[in-house]
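One structure is given here, and the rest of the page talks about it.
The values are calculated or read from the model by the stated rules, or taken from the named source; none is laboratory data. Quantities reported herein were computed from a predicted structural model and do not represent experimental measurements. Glycine gets a Cβ as well: all are built from the backbone with ideal geometry, and neighbour counts include every protein chain shown. Side chains are part of the model used for accessible areas, which takes the heavy atoms of the whole protein and leaves out ligands, DNA and RNA. Shrake-Rupley method; radii C 1.70, N 1.55, O 1.52, S 1.80 Å.
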Amino acid sequence: MFLLPVIDDDETQNRCWNASLDGRAIHSFLLWVEPHSTAWARRAAAAAGAGAPDTTELPDPLTRALAGLVGAPDIAVDPAEVGTALLPLPDGPRLAVLHGVPEDGGRLRLAPATAPDRAAVGDAVRVLEGVGLRYVVDLAVGAVVLGDAAGAAVPADLCDVARFSPGGSDALSRAEALLREGAASWMGQWLRTEEVVGARGGPLSGTDRAWLTGIFADSLAFQLYDRLAARRPEDTPEPVARRWQELLDGLRALRAVLPGRVGETVGMGIVAELIGTTYPCWNRRQFAVKSPFDYIREIRPLTDDEKAEHLDRWAAPSAVR
């Protein structure tokens, strides 16, 4: 069961709600998801033992990333060395840019990336900052790992790490790629939180996880180009307009099946709400107005009575107007 029957397909006001829905997503993450990501990082650091980062203080995304990387079997990383790999961003959480150096035995040692590679990542971050989407990276990416070999060595389900290839692309393409990596990390943390609190019997299949992540990443990528297009509506650059249309066409093609498949995959939960308030081919606001999760301080599965009450409340189409 999805959050509610989709009863408002008016997309025309979505731009007006960008800041509000961004704020809601940030608040929901900090309230419901980050505490479970913190607990995960502390367990991972304890299991790794010597060489693990200190998680006594509230771990930021970089600390969470290092807690996972030090336990990866094919990777060697020294948290003390990572301090020289940080981007010189004026504000926001720490973000390290690393690349792989082959070692004897087939392992890769993650070392600070070169200055040009760090600058390329920094350019991508600034593009996202310019359209108000940097928060996805700030909250969900602490380490950017460059190169195909290093990216392949990072466990596929490890959050807070972005796998990235900076060479041969412009800053906008790099920004989309980094945003997609942030989306994958964020979705992984939201799914993990639902699993920890018992919303499902276990982890999703790889197919379902990839499908949900793809929808979320495409929706955020559409927002990137939509916000750029809104700056110059009469003179939108051709690459922006073309990519905007490609993403919109792909997302609109899913409109008929999206509610049912999301409901079958994750049910009436916070992941469904995240998809509902991000997917651009309906009125995104309808999934935030009087959400069933309003006033819930610690995330948990909704009871059957709460689900029934929520659906009854939205029986009238006027409920979201």
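The table below lists the values:
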quantity: Check on residue 56, under 16 Å from residue 37 (Cα atoms) and without any contact (Cβ under 8 Å) to a residue 12 or more places away in the chain; calculated: yes
quantity: Qualifying residue in the stretch 248-270 (condition: in contact with a Pro (Cβ under 9 Å, 6 or more places away or on another chain), at pLDDT 95 or above and open to solvent by less than 50 Å² (accessible area, probe 1.4 Å)); calculated: yes
quantity: Matching entry among 28, 37, 20 (being more than 28 Å from residue 99 (Cβ to Cβ) and open to solvent by less than 40 Å² (accessible area, probe 1.4 Å)); calculated: 28
quantity: Failed condition for residue 52, given (1) over 18 Å from residue 146 (Cα atoms); (2) of a type in the set (A, V, I, L, M); (3) surrounded by fewer than 15 Cβ atoms within 10 Å (Cβ to Cβ); calculated: (3)
quantity: Tabulated pairs, the stretch 112-126, first farther than 12 Å from residue 96 by Cβ, second basic (Lys, Arg) and surrounded by 20 or more Cβ atoms within 10 Å (Cβ to Cβ), C-beta under 8 angstrom, 6+ apart or interchain; calculated: 120/174; 123/174; 124/174; 125/134
quantity: Hey, residue 81 more than 30 Å from residue 246 (Cα to Cα), assigned to a helix (DSSP H, G or I) and of a type in the set (D, E, K, R) or not; calculated: yes
quantity: Strands (runs of 3 or more DSSP E) contained entirely in the stretch 104-193, each with at least 3 residues that are at positive phi and open to solvent by less than 40 Å² (accessible area, probe 1.4 Å); calculated: none
quantity: Boolean, residue 273 is touching a residue at least 24 places away in the same chain (Cβ under 8 Å), among the acidic types (Asp, Glu) and open to solvent by 20 Å² or more (accessible area, probe 1.4 Å); calculated: no
quantity: Residue that is nearest to the chain's Cα centre (by Cα), among those in the stretch 259-303 that are over 15 Å from residue 31 (Cβ atoms) and among the aromatic types (Phe, Trp, Tyr); calculated: 279
quantity: Qualifying position, being touching a residue at least 24 places away in the same chain (Cβ under 8 Å) and assigned to a helix (DSSP H, G or I), among 65, 46; calculated: 65
quantity: Residue in the stretch 226-242 that is most open to solvent (accessible area, probe 1.4 Å), counting only those that are free of Cβ contacts under 8 Å to residues at least 40 places away in the same chain and touching a helix residue (DSSP H, G or I) at 6+ places or on another chain (Cβ under 6 Å); calculated: 236
quantity: Residue check for residue 217: more than 16 Å from residue 275 (Cβ to Cβ), open to solvent by less than 40 Å² (accessible area, probe 1.4 Å), within 12 Å of the chain's Cα centre (by Cα) and aliphatic (A, V, I, L, M); calculated: no
quantity: Qualifying residue in the stretch 187-209 (condition: under 14 Å from the mean Cα position of the chain (by Cα) and farther than 14 Å from residue 272 by Cα); calculated: no
quantity: Condition met for residue 64 (touching a helix residue (DSSP H, G or I) at 6+ places or on another chain (Cβ under 9 Å), open to solvent by 20 Å² or more (accessible area, probe 1.4 Å) and not hydroxyl-bearing (Ser, Thr, Tyr)); calculated: no
